[in-house]
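Worksheet for the structure shown next.
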Amino acid sequence: MVSTVSSPYSYKATLEAAHKITWRIEDIIGGDKRLDFSKPFMPDSLAGVESIPCLNGAEKLVLNHIRGNSYLYLFGVVEEFIVPLVLEHVQRIGTEDIVATQAFLCFAEEEGKHINLFRRFEEEFQAGFGSPCGVIGPAKTIADAILQHSSLGIALVVLQIEWMTQHHYLDSIQPQQELDPQFCSLLKHHWLEEAQHAKLDTLMVETMVRDLNDAEIQQGIADYFAIGNFIHNGLMAQVQLDIEALQQATGRLFTESEKQEIQTAQEKSYRWTFLGSGMVHPNFVKMLRSLDPTAADRVAEMVYAMS
Ligand SMILES: [Fe+2]
Ligand SMILES: [Fe+2]
């Protein structure tokens with residue numbers, strides 16, 4: 001039997017907070033708000049390029065930009081499975097608690113805006129970068145594969161990802177690095193709305209769990225791990241595409257040992273940026289532990305193995 005603790009969040013407060021946030025995509029990108037390719041886009045804690053010995057400064061900057069592009073794309077993919085999850089939840093809860101329904105509809109609408117936001121940044125990137133960057137996909141195929149799992153499994157993955165964006169924003173405002181202001185603005189504005197989503201995800205999981213028996217909850221947890229493994233495999237494939245993009249952008253053909261060096265550093269970085277930095281978030285850990293302490297221990301061991 002699970003011992004889900006009730007979170008302190010309310011639909012009313014979350015909806016009110018969401019209504020106070022009024023940024024539009026054109027406030028963040030477009031017109032004179034251009035990406036500055038002379039600066040890194042991603043904090044190095046999320047791009048993991050500075051520690052690669054075989055790359056010079058200019059090549060590290062190019063790889064940082066490639067990571068910026070894959071970040072935009074991969075978050076676009078994530079949003080594509082969040083929207084159907086949230087809309088399915090709206091159908092599940094109906095209109096009995098109309099404020100809850102409003103809060104989730106607002107959540108879905110914001111994710112639609114985020115899909116647009118990430119696509120606009122991708123357009124700016126492609127206009128300024130100068131050579132192609134391959135990405136895994138297609139996005140819909142990835143999202144559809146994830147959506148085959150149980151709602152609880154998907155909701156746990158989404159909860160982890162949405163708390164993870166807080167770490168991404170906080171890393172972008174570390175004083176030791178001067179990043180492109182537009183990219184920092186993207187991470188900040190995304191987090192402003194994700195802060196509400198992460199609370200709504202928590203309430204969503206609590207609501208789902210109330211109607212599930214122990215076996216169904218265990219299936220949800222198994223699905224959470226299965227989706228995590230699927231995402232991990234996709235990230236490892238993305239590393240290979242990034243190395244190809246780096247060779248093409250710099251005109252440098254790496255030796256096998258140099259490729260291995262880049263691959264090792266980037267695999268570690270992708271694991272941390274898209275999985276680990278969410279798996280350690282205390283609010284995610286708290287939820288998972290309330291559902292199944294063994295699962296929380298397993299996640300902690302996986303994070304330890306990443307470092
Ligand atoms: Fe989002
Ligand atoms: Fe979100």
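List of remarks:
- Count of the range 143-174 residues, restricted to those that are under 24 Å from Ile29 (Cβ atoms) and either out of contact with any Cys (no Cβ under 8 Å at 6 or more places or on another chain) or free of Cβ contacts under 8 Å to residues at least 60 places away in the same chain (or both), is 13.
- Top-ranked residue in the range 172-186 [being over 13 Å from Trp23 (Cβ atoms) and among the aliphatic types (A, V, I, L, M); ranked as modelled with the highest pLDDT]: Leu179
- The condition of being in a helix (DSSP H, G or I) and within 15 Å of ligand 1 (Cβ to nearest atom) holds for only one of Gln218, Gln182, Gln196, that being Gln196.
- Output for the range 157-181, where each listed residue is hydrophobic (A, V, I, L, M, F, W, C), away from ligand 2 (no atom under 16 Å from the Cβ) and surrounded by 13 or more Cβ atoms within 10 Å (Cβ to Cβ): Leu170, Leu179
- Among the residues of the range 131-154, the ones that are touching a Gly at 6+ places or on another chain (Cβ under 8 Å) and either within 16 Å of ligand 1 (Cβ to nearest atom) or more than 21 Å from Glu206 (Cα to Cα) (or both) come to 3 in all.
- The range 266-292 residues that are at pLDDT 95 or above, paired with ones that are of a type outside the set (A, V, I, L, M, F, W, C) and part of a helix (DSSP H, G or I) (beta carbon under 6 Å, 6 or more apart): Ser277/His167; Gly278/Gln160; Phe284/Gln160
- Asp211 modelled with pLDDT under 95 and away from ligand 1 (no atom under 16 Å from the Cβ): yes
- Residue satisfying condition, being closer than 30 Å to Ile243 by Cα, over 15 Å from the mean Cα position of the chain (by Cα) and surrounded by fewer than 13 Cβ atoms within 10 Å (Cβ to Cβ), within set Gly134, Gly130: Gly130
- Checked against the criteria, Phe107 counts as under 21 Å from Met164 (Cβ atoms), within 16 Å of ligand 2 (Cβ to nearest atom) and aromatic (Phe, Trp, Tyr).
- Test: residue in the range 108-117 that is closer than 23 Å to Ser150 by Cβ, more than 16 Å from ligand 1 (Cβ to nearest atom) and surrounded by fewer than 23 Cβ atoms within 10 Å (Cβ to Cβ): no
- Checking each residue in the range 240-280 for being in contact with an Asp or Glu (Cβ under 9 Å, 6 or more places away or on another chain) and not in a helix (DSSP H, G or I) picks out Arg252, Phe254.
- Restricting the range 49-94 to residues that are small (Gly, Ala, Ser) and away from ligand 1 (no atom under 16 Å from the Cβ), the residue that is farthest from Ser269 (Cα to Cα): Gly94
- Qualifying residue in the range 97-106 (condition: of a type in the set (Phe, Trp, Tyr) and within 16 Å of ligand 1 (Cβ to nearest atom)): yes
- Here Leu87 meets the list (1) over 16 Å from the mean Cα position of the chain (by Cα); (2) more than 17 Å from Val157 (Cα to Cα); (3) without any contact (Cβ under 8 Å) to a residue 60 or more places away in the chain almost entirely, failing just condition (2).
- Test: residue in the range 37-55 that is surrounded by fewer than 16 Cβ atoms within 10 Å (Cβ to Cβ) and not in a loop (DSSP other than H, G, I, E, B): no
- Residue match in the range 294-303 (condition: within 16 Å of ligand 1 (Cβ to nearest atom) and not in a loop (DSSP other than H, G, I, E, B)): no
- Of all the listed residues (Ile227, Ile217, Ile142, Ile154), the sole one being within 16 Å of ligand 2 (Cβ to nearest atom) and modelled with pLDDT of 95 or more is Ile154.
- Positions within the range 5-18 being assigned to a helix (DSSP H, G or I) and in contact (Cβ under 8 Å) with a residue 24 or more places away in the chain, in sequence order: Tyr11, Lys12, Thr14, Leu15, Ala17, Ala18
The values are calculated or read from the model by the stated rules, or taken from the named source; none is laboratory data. What you see is a predicted model; the values in this text were computed from it and never measured. Note that each Cβ is placed from the backbone with ideal geometry, even for glycine, and that neighbours are counted across all protein chains shown.
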